[in-house]
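Here is the structure we will look at.
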Amino acid sequence: MDGVAPLGINSVGIIGAGVMGAGIAAQAANAGAKVLLVDVASEGSASRNAIAEAARTRLAKSEPAALMHPGFLSRIATGNIEDDLGRLAECDWIIEAVVEKAEVKRAIYRRLEPVLRPGVAVSSNTSTVPLAALTEGLPERFRRAFLITHFFNPPRYMRLLEVVAGPDSDPETVARVSAFADRALGKSVIQCKDTPGFIANRIGTFWLHAALIEAVRRGIGVEAADAVLGRPAGVPKTGVFGLLDLIGLDLLPHVLTSLRAALPADDALLGLGPAPELVGRLIAAGATGRKGTGGFYRLKDGAKEVIDLATGDYALARRPVPPAAKAARRGGLRALLAHSSHEGRFAFAVLSATLAYAAKVMPDIAADAEAVDRAMRLGYGWKQGPFEMIDALGAGWLAERLRAEGRTVPPALADGRPFYRTDAGRLSVLDRNGAYRAVERPPGVLLLADVKRAGPPLAANRSASLWDLGDGVACLEFHSKMNALDPWSLAMANRAVRMLPAKGFKGLVVHNDGANFSVGANIALLRVAAALRLWPAIGWLLRRGQTVFSRLKLAPFPVVGAPSGLALGGGCEVLLHCDALVVHAETYIGLVETAVGIVPSWGGCAALLAQLATAPERQGGPMPPVIKAFEAIATAKVSKSAEEARDLGFLRFSDSIVMNRDRVLAEAKARVLAMAKGYAPSPPVKLALPGPSGEAALELAVRDYARKGVASPHDVTVAGELAHVLTGGSSADVIVPVDEKTVRDLERAAVLRLARTPQTRARVAHMLKTGKPLRN
Amino acid sequence: MDSRYAVIVGYARSPFTPAHRGALAGVRPDQLAAEVVRSLIARTAVSPADIEDLILGCAFPEGEQGLNLGRLVALQAELPPAVAGATVNRFCGSSMQAMHMAAGAIALGAGDVFVCAGVESMSRVPMGGFNPLPHPGFYKRAPEAYISMGETAENVARAYSLDRAAQEAFAFDSQQKAADARASGRLADEIVPIAAASGTVTEDGCLRPETTLASLAALRPAFDAKGTVTAGTSSPLTDGAAAVLVTSEEYARHHSLTPLARIRSVAVSGCRPEVMGIGPVGASKKALARAGIAVGDLDLVELNEAFASQALANIRDLGLDPARINLDGGAIALGHPLGATGARITGKAAQLLKRTGGRFALATQCIGGGQGIATVLEAL
């Protein structure tokens, strides 16, 4: 993304080239800013910028990638704080991300202060030091420019940004930084109060610490604890102990110490007591988690081992599934917390304490329950925030259980009212004064969840729905499991094409708020049909997909795809048939059909070819688009960002990339409206395909890959079929351009041949069973 | 001696840098070649007005290497409009072929001064070109006509029973010789600094002086999972240009130019495409016979190192003395910009004759599709 200028921040200086500083630098580069990354000067090394340079080099290789495109590294310059104060002073926003020591940070601020230009923002990425302590003794001029911007690790992928403004912070500066963080960095900005740990770490630390203490006290195994507190509670499967290993065991005591020092004496976190003695022993032994020699879990000789909390000895991991976790699969969170087993009581103890704590502290730390929930979803990856969990359990039920155990019920829970309710189709939330208030979305933010709350769909079936976004724009939502596409998804797309013009709609957005846009066609259908040798059924499904997607493309109204997350196979094919795309920056696109032994056959080969053939920057001659499509499809390449998808040819240069996921739908809707006036479907593309000559060239390349051992025997077969499709088949001739239909016919014929091979059927079965490709 | 012999009066080249990641990846090939030609003219102080033709070798003359690149390079090098320009393609033998054409024209009395250049940007025009379109029927009958170079290297290794260790020892020597040559400044004379976006490029970029036998042994086969040829025993994809000034002996004498060597004889010959690496054997035998000398008369040899396996097979078949081969390192270390290599090794051989005081030199290379090309040089 370029053109951050309207937000008033074009350049970002970052002081501190550690994990967080470098990660923030990368995200600022992803946003299109000019970045200067500095650390202390290295004496006695070849370069005085050695520390920042090393961090920059590490960024290029980081996994998961910190940069959305390798080329963005050139946006990051390096320096050192001794020599480059002048260069830092030229930046529009300076972020300090050094060690969590107030005096060290203040020393940096004192050096910055004299060179600060008016209007420049300075922020600290602290997670534990209060703003008041940071600005102590600094002049008002500096305090006006200053705020806290607390990023979560890794800064590219964690969507939460906690912003803390002090009493002297210039509101205009805070607004400018917040707007840049929202639009350019793609963060969901939560304005926090200057309270210890702000929101997410205050609740999150309590939760981790409570789980650790309860597990030790109740003799719950590490694996059992994670098995109940992970997925069943709507928390990433790392659960508690896996998460502690990931962030580093040494971080917890550090955060606890600073929180204890800052929190009031009656805070429940203090009441939990100190960290179990085992933690100290592990840290002392260097077992600080994944970055150390292991932690609660470790890998030994390739095998996963887990610690016994009582003895400190490791034993092979057994991956138990406690009955409480099984109960949660059917009965949800309440079944988990109500489960009478040892693990069920443990889960109740940890979560009820955490939820009660959240309810107790919410008025002090946040504007309302929604801010707390959002912070925990986006900062800790929880599916639901604490108040959404309370509503799911029933506030009355939870209060009753707490009372039954003789525990204090926080005032916010006492009357059993839900934290959220829908008033006239709009979401309201309890604010800290105990009143329901409509949840306001910032301008330019449109959430499908809000649209769905406002009224019934225009149409719906088991896999997809059509919604009215207002202003004459509809939304096609997929909502099957993992948004896999099936005949019902196709039926709804088809219905949209027929219904929308009649109802006066101007256009359609294809979007959903699932974690992934779509993982592709439901291949279970393929497996069943192939097993029963129902070849005509497969043929029908392929033709049906092609027909529906073609209709989307030829519809008399604009269709804008607005994906986020994975858009694979059929999910990618839908996008290739849209008239324009507005893509979340974190979208991972690919035609991965070869992984299950087939080729894209809902028009994906034809549409990608057409897109590549008409790309203004393409090389001349018939082969470049064919080669590019072949490489992307044959290797089932999935882009690691929207930017990379552009390189692969899945996006056109006129398609836009939106950094903030919450802004994708509104932007897509605006694109529909912009295109709607005088809209005419784009004319069909004529493809000059090379035919057998090109097929021979691709066959040569595949042969070389096979010899190299990169392509398996069935890869060669599938790639051969793909080459046949992409080059236009046996009768194609470069001087006789063909239409996309010719290629679509070849797609279907190829899949029908491949579906009959035992190797393709083995691939499909293996993918359905394991979720991983079979290389046969 | 017949005064219609051709002599090599000067030789220059750009730095050779690895394709895609090297410092010259961003430089257009026409510009790269023009810079080298311009510098060659300045260094030799030949009168540009006397140049008959600029003959330029290029293996994939399309895209930025397309149109008539020879003519465009002559114009970009600001040679007088009367200087003609032609592009010649014999794949890796292209710029040596350019020299053969110049020598032939001189013998025919069809000109006295020729710029024989070669260029390849393997970053900007891929090997195989943008539009590989083999004849489908012919490909079915004779797939070896389109065989990949790596596969031919494996075929030669198998046919000559050349194991990995032998190939790696050869590659290691090439790296050592090139590193020594660079360290002692023996490469500096021939290199023309080239302006690139990142600054002026003055050094070769492909060399890996840190190479050890152990690091070579650790590489995985590059072309055949069960094979013996690795990236370490193959020449790298390279960007670079080279140029040689070829004049009649008479012209050189009358214009007080100092020739490096005489082109005594030349030859080309074909071989089976699937073992294209042995192409130099047939071509060298013909050229030596035409010069009336034997292998034992050669003081030095520039044998292009497309692959270690192929170079070793040539050494064995021709009975070459390894101590006289590629004194300043070969293409495995220096790089192999296809169209430019012929001018580099022939210019280098002429320079080395002068430096070592030897009498006869052979420059020879293998060519994709199954050919060899060879030039015998003689000291004056």
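The values are calculated or read from the model by the stated rules, or taken from the named source; none is laboratory data. As the structure is a prediction and not an experimental result, all values here were calculated from the model. FYI the Cβ positions are ideal-geometry reconstructions off the backbone, even for glycines, and counts take in every protein chain you see.
One residue is enough: does the stretch B:254-265 have a residue meeting the conditions without any contact (Cβ under 8 Å) to a residue 60 or more places away in the chain and not small (Gly, Ala, Ser)?
yes
Give just the number: which of (1) on the phi < 0 side of the Ramachandran plot; (2) surrounded by fewer than 23 Cβ atoms within 10 Å (Cβ to Cβ); (3) in a loop (DSSP other than H, G, I, E, B) does A:Thr126 not satisfy?
Only one criterion is unmet by A:Thr126, namely (2).
Out of B:Gln97, B:Gln65, I need the residue that is within 14 Å of chain A (Cβ to nearest Cβ) and surrounded by 17 or more Cβ atoms within 10 Å (Cβ to Cβ). Which one?
It is B:Gln65.
Give the stretch A:392-436 a look and list any residue that's part of a strand (DSSP E or B) and surrounded by 13 or more Cβ atoms within 10 Å (Cβ to Cβ), or say none.
Across the stretch A:392-436, the qualifying residues are A:Tyr420, A:Arg421, A:Arg426, A:Leu427, A:Ser428, A:Val429, A:Leu430, A:Asp431, A:Tyr436.
Looking at A:Lys237 and the list (1) modelled with pLDDT under 95; (2) under 28 Å from A:Pro118 (Cα atoms), which single condition is not satisfied?
The one condition A:Lys237 does not meet is (2).
This table checks each residue for (1) of a type outside the set (A, V, I, L, M, F, W, C); (2) under 24 Å from the mean Cα position of the chain (by Cα).
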| position | (1), (2) |
| --- | --- |
| A:Ala25 | no, yes |
| A:Leu37 | no, no |
| A:Ser47 | yes, no |
| A:Ile51 | no, no |
| A:Gly71 | yes, yes |
| A:Leu85 | no, no |
| A:Ala89 | no, no |
| A:Lys101 | yes, no |
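Starting from the stretch A:471-490, keep only residues that are farther than 21 Å from A:Leu525 by Cβ, then list their pairs with residues that are in a strand (DSSP E or B) and not aliphatic (A, V, I, L, M) whose Cβ atoms are within a distance under 7 Å, requiring at least 6 positions of separation or different chains.
Filtered contacts from the stretch A:471-490: A:Val473/A:Gly507; A:Ala474/A:Trp467; A:Ala474/A:Asp468; A:Cys475/A:Trp467.
Out of the residues in the stretch A:345-397 meeting the condition of being aromatic (Phe, Trp, Tyr) and touching a residue at least 60 places away in the same chain (Cβ under 8 Å), tell me which one is nearest to A:Trp207 (Cα to Cα).
Residue satisfying both the conditions and the ranking: A:Tyr357.
Which one of these is assigned by TED's automatic domain parsing to the domain that holds A:Ala562, touching a His at 6+ places or on another chain (Cβ under 7 Å) and not acidic (Asp, Glu): A:Ala668, A:Ala636, A:Ala629?
Step by step, each of A:Ala668, A:Ala636, A:Ala629 is checked, and only A:Ala668 is assigned by TED's automatic domain parsing to the domain that holds A:Ala562, touching a His at 6+ places or on another chain (Cβ under 7 Å) and not acidic (Asp, Glu).
Going residue by residue through the stretch A:679-691, is there one that turns out to be touching a residue at least 40 places away in the same chain (Cβ under 8 Å) and under 30 Å from B:Asp224 (Cβ atoms)?
Yes; the residues of the stretch A:679-691 include at least one that is touching a residue at least 40 places away in the same chain (Cβ under 8 Å) and under 30 Å from B:Asp224 (Cβ atoms).
What tally of residues in the stretch B:1-46 results from selecting those that are under 22 Å from B:Ala178 (Cα atoms), modelled with pLDDT of 95 or more and among the charged types (D, E, K, R)?
Final tally of qualifying residues: 1.
Counting only residues that are more than 10 Å from every other protein chain (Cβ to nearest Cβ) and farther than 30 Å from B:Lys348 by Cα, give me the helices (runs of 4 or more DSSP H) lying completely in the stretch B:129-202 with at least 2 of them.
The qualifying helices (runs of 4 or more DSSP H) are B:149-159.
For the stretch A:663-695, what are the residues that are of a type outside the set (A, V, I, L, M, F, W, C), within 14 Å of chain B (Cβ to nearest Cβ) and in a loop (DSSP other than H, G, I, E, B)?
Hits for the stretch A:663-695 are A:Pro690, A:Gly691.
Would you check which residues across the stretch B:221-238 are away from every other protein chain (no Cβ under 12 Å) and over 21 Å from the mean Cα position of the chain (by Cα) and list them?
The one that is away from every other protein chain (no Cβ under 12 Å) and over 21 Å from the mean Cα position of the chain (by Cα): B:Thr228.
Kindly indicate whether B:Asp297 is acidic (Asp, Glu), touching a Phe, Trp or Tyr at 6+ places or on another chain (Cβ under 9 Å) and either buried (at least 24 other Cβ atoms within 10 Å of the Cβ) or over 23 Å from B:Ser95 (Cα atoms) (or both).
yes
Mind counting the residues in the stretch A:627-659 that are buried (at least 22 other Cβ atoms within 10 Å of the Cβ), over 21 Å from B:Glu64 (Cβ atoms) and within 14 Å of chain B (Cβ to nearest Cβ)?
1
Going by what's in this entry, would A:Gly621 be described as over 20 Å from A:Glu721 (Cα atoms), within 14 Å of chain B (Cβ to nearest Cβ) and not β-branched (Val, Ile, Thr)?
The answer is yes for A:Gly621.
Across the stretch A:389-414, which residue is modelled with the lowest pLDDT among those that are small (Gly, Ala, Ser) and within 35 Å of the chain's Cα centre (by Cα)?
In this case the residue turns out to be A:Ala412.
Among residues belonging to the stretch A:696-713 that are more than 7 Å from chain B (Cβ to nearest Cβ) and part of a helix (DSSP H, G or I), point out the one that is farthest from B:Gly129 (Cα to Cα).
The extreme case among them is A:Pro713.
Residue by residue, here is whether (1) of a type in the set (Gly, Ala, Ser); (2) assigned by TED's automatic domain parsing to the domain that holds A:Val497 holds:
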{"site": "A:Ala395", "(1), (2)": "yes, no"}
{"site": "A:Ala404", "(1), (2)": "yes, no"}
{"site": "A:Tyr420", "(1), (2)": "no, no"}
{"site": "A:Leu448", "(1), (2)": "no, no"}
{"site": "A:Leu466", "(1), (2)": "no, yes"}
